[in-house]
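The values are calculated or read from the model by the stated rules, or taken from the named source; none is laboratory data. As the structure is a prediction and not an experimental result, all values here were calculated from the model. Ideal geometry is used to build each Cβ from the backbone, glycine not excepted, and the neighbour counts take in all protein chains shown.
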Amino acid sequence: MIKISPSILSADFANLQRDIERISSADYVHVDVMDGLFVPNISIGIPVVKSIRPTTALPLDVHLMIERPVRYVEQFCDAGADIVTCHVESDTEENIHEALRLIHAKGKKAGVVLKPKTPASAALPFINEVEMILVMTVEPGFGGQKFMADMMPKVQELRGYINEMNPACELEVDGGVDPDTAPVCIASGANVLVAGSAVYKAADIPARIAALRG
Ligand code: DX5
Ligand code: ZN
């Protein structure tokens, strides 16, 4: 079963509750957190996660694009995140292990994220301790960018590692996913698709979510 995780980065922040209710047929709510250091943009943080938590029954899939996420993962869990993913490029390997441990100690799911230039092998030190691996199919920082089809071999490679080492682990893709690019992501082995602009620019959001599932 393919899961859809619409990114609220493309929502209207003045009407966030309404825009979260509009994606109720999705599987997760993808929350993009940016600190202006790890990526050249600043988005939303802990108070917003806390405010949106009571507005939906869907799990909150929180994508941390911040330096040294180990400093903040517990606060995101306490604010209501269900899945917290950390970029492998954002700290030392030791500190990423510690961040994953802290997320699990809060009873939440943990994952690692790979930027486009980061090889699949960078996920291997963490593969037995994550519930999700996220492959960026754009450079993180902004919604509405062009899908990088050249990331598909990496998705396939990770699908192979996951099947062999941790079959319950989810494989998510993020960036430029729309009804035209979703099928190749699914064929490459992704089972969770993030989509921001493709969902929120659609005239009929439930129909677009259904179309992305394929
Ligand atoms: C980019 C974010 C994505 C982004 C996806 O840094 O991680 O989640 O919102 O937006 P689209 O689907 O418009 O590429
Ligand atoms: Zn994201």
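Taking the criterion of being part of a helix (DSSP H, G or I), in contact with an Asp or Glu (Cβ under 9 Å, 6 or more places away or on another chain) and within 17 Å of Ala81 (Cβ to Cβ), the residues of segment 5-30 that qualify are Ile8, Leu9. Residue selection: Asp61 satisfies the criterion of being within 16 Å of ligand 1 (Cβ to nearest atom), under 20 Å from Leu158 (Cβ atoms) and either of a type in the set (D, E, K, R) or modelled with pLDDT under 95 (or both).
I'd like the full set of residues that are assigned to a loop (DSSP other than H, G, I, E, B) and either on the phi > 0 side of the Ramachandran plot or within 14 Å of ligand 2 (Cβ to nearest atom) (or both), limited to segment 31-41. Don't jump to the end; show me each part of the working.
Residues of segment 31-41 assigned to a loop (DSSP other than H, G, I, E, B): 36-41.
Gly36, Phe38, Val39, Asn41 - these are the residues of segment 31-41 that are assigned to a loop (DSSP other than H, G, I, E, B) and either on the phi > 0 side of the Ramachandran plot or within 14 Å of ligand 2 (Cβ to nearest atom) (or both).
Hey, among Val177, Val155, Val194, which residue is surrounded by 20 or more Cβ atoms within 10 Å (Cβ to Cβ), assigned to a loop (DSSP other than H, G, I, E, B), within 16 Å of ligand 2 (Cβ to nearest atom) and touching a residue at least 12 places away in the same chain (Cβ under 8 Å)?
On the way: Val155 fails: assigned to a loop (DSSP other than H, G, I, E, B); Val194 fails: assigned to a loop (DSSP other than H, G, I, E, B).
Result: Val177 is the single residue among Val177, Val155, Val194 that is surrounded by 20 or more Cβ atoms within 10 Å (Cβ to Cβ), assigned to a loop (DSSP other than H, G, I, E, B), within 16 Å of ligand 2 (Cβ to nearest atom) and touching a residue at least 12 places away in the same chain (Cβ under 8 Å).
Just to be sure before I move on: is Gly176 over 20 Å from Ile103 (Cβ atoms), in contact with a Phe, Trp or Tyr (Cβ under 6 Å, 6 or more places away or on another chain), within 16 Å of ligand 1 (Cβ to nearest atom) and modelled with pLDDT of 95 or more in the structure I sent? Spelling it out, Gly176 is indeed over 20 Å from Ile103 (Cβ atoms), in contact with a Phe, Trp or Tyr (Cβ under 6 Å, 6 or more places away or on another chain), within 16 Å of ligand 1 (Cβ to nearest atom) and modelled with pLDDT of 95 or more.
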